[in-house]
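All remarks here apply to the structure that follows.
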Amino acid sequence: MAVMAYKILFSDIDGTLLNAERDLSELTVSEIQRIREEIPVILVSARMPKQMYHLQEKLGIRNTPLICYNGALVLVDDQPIHSTEIPLSTVKQIVAYNENNSEGKFHISLFNADSWYVEAYDYWAKREENNTRISPEIKSNRDVLKTWEPSLKGAHKITCMGDANLIEKAFTYFSRHLGEELHLYRSKDTYIEIASKEVSKLTGIRKLLTHFDIPIEEAIAFGDNYNDTEMIAAVGHGVAVANARDEVKAVAKAVTVHHKEDGVAQYIKQILP
């Protein structure tokens, strides 16, 4: 089925839509701009909203919805139509574990909507800033929790980054004690990405499709990582890039070339000449 038979296109960003320079290639920009009037292109990512705006602007799709934080926050016209936070009590447990760790502390980033908080402008904060082109607010975890306390605000996402040994032990602890309520993603051994277990990229997609009354069978999606698996399996036409995890390829209807070779754009070009 040609892409024009679909009503909407969803794409993961990192490892899927971006090239080796973590940017949008000229081909990707031109191909998405070519189809955007016929088929809305929606970015679906673990990123916060303002880490995605500049990409939307470059693609000429700034007016389209966004699925942020792996589905925890869905925006239409920059307003939330869905929001699921990690409860404040759970955020406190994660912060307390890190503070009481006798082997040393790791980096914690706390995210809510367009706010990103780090305790220090360290190696991990700088790396994330370089990757996403957004700067964090420097504030201790305890101060963030105090600010959130009156309204019982939680986190849309938490990232833990640091020494592989510390991260491995934290992952084991969180899985054992908080695993029933949290998704714990590990894209590398120095990194844990945490979200509510109630959400996924697929739940975000379903919320958006319900809002616009589009059947999921009429959606096409592109992805590469574990957190894309459900999305790729569920839509009408799920496409994995060549660098995708085997789990993603196993459920995909098609596999395109590597993200460094403009896999998404090449696939669009191929099925929509």
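Computed from label points 7 Å out along Cα-Cβ, the spacing between LEU152 and ALA5 is 4.8 nm. Just how large is the dipole of region 88-196 about the Cα centre, in debye to the nearest 20, putting +1 at every Lys and Arg Cβ and -1 at every Asp and Glu Cβ? Rounded to the nearest 20 debye, it is 60 debye. Taking Lys and Arg as +1 and Asp and Glu as -1, the other residues whose beta-carbon sits under 14 Å from that of TYR185 total -1. Solvent-free Debye calculation, one equal scatterer per alpha-carbon of region 92-172: log10 I(q)/I(0) at 0.15, 0.17, 0.19 Å⁻¹ equals -0.53, -0.68, -0.85. Determine the alpha carbon to alpha carbon distance for each of LYS58/LYS105; LYS7/LYS188; LYS92/LYS253; LYS50/LYS197; LYS139/LYS249; LYS7/LYS153 and list only those over 32 Å. The answer is LYS58/LYS105; LYS7/LYS188; LYS92/LYS253; LYS139/LYS249; LYS7/LYS153.
Between TYR121 and ARG22, the FRET efficiency estimated from the beta carbon spacing at R0 = 22 angstrom works out to 0.65.
The sum of -39500 (n - 2.57) across all DSSP H runs of n ≥ 4, divided by the residue count of the chain, sets its helix-only mean residue ellipticity at 222 nm to -10000 deg cm²/dmol.
Given a Förster distance of 30 Å, report the FRET efficiency between LEU88 and VAL251 from their Cβ-Cβ distance, rounded to the nearest 0.05. With a Förster radius of 30 Å, E is 0.30. Which option, (i) 61, 40, 37; (ii) 55, 37, 31; (iii) 59, 35, 32, is the value of Cα extents along the principal axes in Å that was calculated from these coordinates? Only one listed value fits the structure, namely (iii). Backbone amide hydrogens, once placed in the peptide plane, bring SER196 within less than 5 Å of ILE86, HIS183, excluding anything fewer than 5 places away on its chain. Residue-wise HN-Hα couplings along region 204-209, as the Karplus relation 6.51 cos²θ - 1.76 cosθ + 1.60 with θ = phi - 60° gives them from phi, are x, 4, 4, 4, 5, 5 Hz; Gly and Pro carry x. Label positions at GLU38 and ASN131, each projected 7 Å from the Cα along the C-beta direction, are separated by 3.5 nm.
Determine the relative contact order of region 88-196: mean sequence separation of Cα pairs under 8 Å and six or more apart, normalised by residue count, in whole percent. Present the calculation step by step, with values, prior to reporting the outcome.
Values: 153 pairs, mean separation 30.3, N = 109.
Rounded, it is 28 percent for region 88-196.
Where is the GNM fluctuation largest for the chain (alpha-carbon springs, 10 angstrom cutoff): ASP224, ASP78, ASP262? The residue that fluctuates most here is ASP78. Computed over the chain with a Gaussian network model linking Cα atoms closer than 10 Å, the most mobile of VAL95, VAL41, VAL118 is VAL95. In sequence order, region 264-273 has phi-based couplings of 5, 4, 5, 5, 4, 4, 5, 9, 9, x Hz under the Karplus curve 6.51 cos²θ - 1.76 cosθ + 1.60, θ = phi - 60°, and Gly or Pro positions carry x.
For region 213-230 and region 95-145, what is the separation of their C-alpha centers, rounded to whole Å? Here the two parts' Cα centres lie 30 Å apart. The 3J(HN,Hα) values that the Karplus relation (6.51, -1.76, 1.60; θ = phi - 60°) gives for region 87-96 are, in residue order, x, 3, 4, 6, 4, 4, 5, 5, 5, 5 Hz. Gly and Pro appear as x.
Rounded to the nearest 10 degrees, the inclination of helix 123-132 to the longest alpha-carbon principal axis of the chain is 20 degrees.
Amide H to amide H, with H built 1.01 Å from N, TRP116 comes under 5 Å of GLU137, counting only residues 5 or more places away or on other chains.
For the chain, calculate the relative contact order in percent as a whole number, restricting contacts to Cα pairs under 8 Å that are 6 or more residues apart. Write out the running numbers ahead of the final one.
Numbers: 530 pairs, mean separation 60.2, N = 273.
Rounded, it is 22 percent for the chain.
When its C-alpha radius of gyration is set against 2.2 N^0.38 Å (N residues), region 174-242 gives a value of 1.26. Amide H contacts of ILE81: VAL74, LEU75, VAL76, each under 5 Å away and 5 or more positions distant or on a separate chain (H built 1.01 Å from N in the peptide plane; Pro and chain starts excluded).
Once you keep just the Cα pairs under 8 angstrom separated by 6 or more residues, what percentage relative contact order results for region 111-152?
On the way: 31 pairs, mean separation 18.5, N = 42.
It rounds to 44 percent for region 111-152.
In this simple spin-label approximation, HIS177 and ASN63 carry label points 7 Å from Cα along the Cα→Cβ vector, and these lie 5.0 nm apart. Within region 91-152, the GluC sites (Glu not before Pro) that combine a DSSP coil assignment with at most 16 other C-beta atoms in a 10 angstrom radius are GLU103.
Once the other residues with Cβ under 13 Å from the Cβ of ASP262 are scored (Lys, Arg +1; Asp, Glu -1), what is the net sum? Show your work: numbers first, answer last.
On the way: positive: LYS260, LYS269; negative: GLU21, ASP23, GLU26, GLU31, GLU261.
Within the 13 Å Cβ shell, the charges total -3.
Values in this text are rule-based calculations from the coordinates and carry no lab data. All values derive from a computational prediction rather than experimental measurement. A quick note on method: Cβ atoms are made from the backbone with ideal geometry, for glycine too, and the neighbour counts reach across all protein chains shown.
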